[in-house]
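Taking it in order: structure first as structure tokens, then the write-up.
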Amino acid sequence: MPNISIISASVRTGRNSHRAALYFQDYLTDGKLAEAEILDLKAYNFPIFEDKLKAQKSPSKQVLDFAAKIKNSDGVIIVTPEYNGGYPASLKNAIDLLYEEWHGKPISICTASAGDFGGSQALVQLQFILWKIGAWTVTSVFPIPRVQKAFDENGKPADKAATDKLAHVFLKKLLESVAAKQQS
Ligand SMILES: Cc1cc2nc3c(=O)[nH]c(=O)nc-3n(C[C@H](O)[C@H](O)[C@H](O)COP(=O)(O)O)c2cc1C
């Protein structure tokens with residue numbers, strides 16, 4: 001079974017996008033599609049970026065743990081909120097820590113916003129920087145408008161049938177990319 005890491009990017013108290021990370025974890029594990037672990041940037045609590053892991057003389061346990069988990073993941077889902085038309089600083093802070101770990105890594109993007117557009121502006125920015133750093137960004141995306149209503153606190157979707165249908169396509173594309181990578 002593939003091993004998927006789900007990066008939950010919001011570190012905000014009362015965050016709502018984390019609900020989508022919980023949903024994807026349940027979807028993948030309940031469906032026996034993958035082993036799925038949430039890499040919670042709120043829990044990692046990385047300090048503001050000073051330098052890449054490779055350049056750090058005494059990296060913290062948290063940074064080493066994060067790097068190892070990304071390196072050993074077959075694929076990654078990034079769940080990010082949209083703040084002022086972009087992705088949050090917490091996410092760039094974590095992406096810039098690593099380098100080779102991202103190369104050729106299949107990554108699917110889920111964006112979430114309180115408004116009607118589901119984080120489409122953050123998506124464009126994030127796709128660009130992931131391309132720049134050499135990741136394989138999967139073309140199928142998962143925008144969530146009004147995320148506060150779309151899932152409850154435990155990640156249960158308000159409309160399970162419709163959400164599962166979208167997730168099926170989104171995750172199928174990720175798992176296909178993971179399989180293609182494993183064959184290459
Ligand atoms: C600094 C900041 C800026 C935000 N800007 C937007 C925005 O441009 N469009 C939008 O729909 N929601 C915006 N929101 C609301 C978030 O999308 C909302 O909180 C949503 O639940 C996802 O973020 P969360 O996971 O931190 O809760 C903003 C929230 C914050 C904290």
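A few remarks follow.
- Of LYS42/LYS71; LYS105/LYS149; LYS54/LYS132; LYS61/LYS105; LYS149/LYS173, pairs whose Cα-Cα distance is over 24 Å: LYS105/LYS149; LYS149/LYS173
- Surface analysis of the stretch 3-183 yields an accessible area of 51 Å² per residue, using protein heavy atoms and a 1.4 Å probe.
- Among beta bridges identified by DSSP and lying wholly in the chain, the antiparallel ones come to about 10 percent.
- Rolling a 1.4 angstrom probe over the chain with all protein chains present gives an accessible area of which 54% lies on carbon and sulfur atoms.
- Scanning residues 5 or more positions from PHE151 or on other chains, those with amide H under 5 Å from its amide H are ALA158, with H placed 1.01 Å from N in the peptide plane.
- Evaluated at q = 0.09, 0.11, 0.14 Å⁻¹: base-10 log I(q)/I(0), Debye formula over Cα of the chain: -0.28, -0.43, -0.71
- When the Gaussian network model of the chain links Cα atoms closer than 10 Å, the mean-square fluctuations of SER73, SER58, SER17 top out at SER58.
The values are calculated or read from the model by the stated rules, or taken from the named source; none is laboratory data. In this text the structure is predicted, and so the values were computed from the model without any measurement. When the accessible area is computed, the model is the full protein with side chains, heavy atoms only, and any ligands, DNA or RNA have been set aside. Shrake-Rupley method; radii C 1.70, N 1.55, O 1.52, S 1.80 Å.
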